[in-house]
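The values are calculated or read from the model by the stated rules, or taken from the named source; none is laboratory data. Since the structure is predicted, the reported quantities are computational estimates derived from the model, not experimental observations. Using ideal geometry, Cβ is built from the backbone for each residue, glycine included, and neighbour counts are taken over all protein chains shown.
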Amino acid sequence: MGGRQRGGGRRVATIHVDHHCIDFDPVDPNTIYCGCDGGIYRSRIGGSNWEYIGASIPTSEFYAIGQGVQEPYEVGGGAQDNGTWMTDGSYAHWRFIFGGDGFEFEVDPGNPNTVYAESQNLNLGRSDSKGVSFAGKTAGIME
């Protein structure tokens with residue numbers, strides 16, 4: 001993983017599961033594009049190696065979003081198969097904060113530095129650093 005190939009893509013060992021579409025370049029049949037829950041990937045050698053090219057196409061499906069009360073432009077959300085992301089309100093400043101299949105995201109109304117994130121299997125996390133680091137949250141949850 002890592003590294004660069006021509007065209008600015010990031011090389012990957014495998015591509016994300018949940019494929020939704022595949023297309024072959026009509027001029028070069030060795031170039032294949034695959035769209036999936038993880039974004040857009042391209043292979044220039046018939047599918048033997050792939051590069052992630054979705055960074056230039058910012059798309060995602062959010063299960064849930066939340067926003068701050070004291071800082072209303074601070075928005076975050078859980079993205080299908082792509083973890084939890086948040087922004088300070090700027091289009092260019094989205095950052096990944098919590099892994100897994102992102103679900104709920106909440107900002108504590110009394111303390112904007114405290115955020116909560118959830119992923120599959122009821123994996124809950126609390127951050128007191130605006131998502132820089134998380135600790136697991138298992139106590140104090142109503143059943």
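Couple of notes before you dig in:
- For the stretch 106-129, the tally of residues that are out of contact with any strand residue (DSSP E or B) (no Cβ under 6 Å at 6 or more places or on another chain) and not small (Gly, Ala, Ser) stands at 11.
- Enumeration of residues in the stretch 125-143 that are modelled with pLDDT of 90 or more and either assigned to a loop (DSSP other than H, G, I, E, B) or surrounded by fewer than 17 Cβ atoms within 10 Å (Cβ to Cβ) (or both): Arg126, Asp128, Ser129, Lys130, Gly131, Val132, Ser133, Phe134
- Taking the criterion of being over 11 Å from Val107 (Cα atoms), touching a Phe, Trp or Tyr at 6+ places or on another chain (Cβ under 7 Å) and not in a loop (DSSP other than H, G, I, E, B), the residues of the stretch 53-93 that qualify are Tyr63, Ala64, Gly78, Ala79, Gly83, Thr84, Trp85, Thr87.
- If only residues of the stretch 35-83 that are in contact with a His (Cβ under 6 Å, 6 or more places away or on another chain) and without any contact (Cβ under 8 Å) to a residue 40 or more places away in the chain are counted, the one that is nearest to Val115 (Cα to Cα) is Cys36.
- Residue count, the stretch 94-114 (criterion: assigned to a loop (DSSP other than H, G, I, E, B) and within 18 Å of Gly39 (Cβ to Cβ)): 5
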